[in-house]
Amino acid sequence: MIVLIAAALVSGLATAAMLAPVSALAALIIAPLAASASAILACIFIAWRNTRGDLGPPDLETQADAMVAVLCDVAQQGKIAPVAAPVRIRGQRSA
């Protein structure tokens, strides 16, 4: 959402800056239209980029499942390991 707002602001200001020397009225009328058009194009680009599944990183579900399996294995190993008895030290001084 921030990217869309930034695209609209930048293109609207750039359009207004380019048209201001020619006509202030044209700059006031066309700048919001250009900002809206660039926000729509940015939205379409973001949607297109997110739908390309074959070129992106590996599936996050698969990675999450692999991490859960590793954590389950570590938890099983922790249950099997013997618990050490507490160690008492005689003559311990307190500060």
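Annotations
- Potential lengthening between Q63 and L41 on full extension [0.36 nm per residue; Cα-Cα distance subtracted]: 4.7 nm
- A simple spin-label model places the labels of S23 and R52 4.0 nm from each other, with each point 7 Å out along Cα-to-Cβ.
- Where Rh is the Kirkwood radius over Cα pairs, Rg/Rh for segment 2-80: 1.47
All of the numbers you see were taken from the coordinates with simple rules; none came from a lab. All values reported here derive from a predicted model rather than from experimental measurement. Neighbour counts are summed over all protein chains in view; Cβ atoms, including those assigned to glycine, are modelled from backbone coordinates with ideal geometry.
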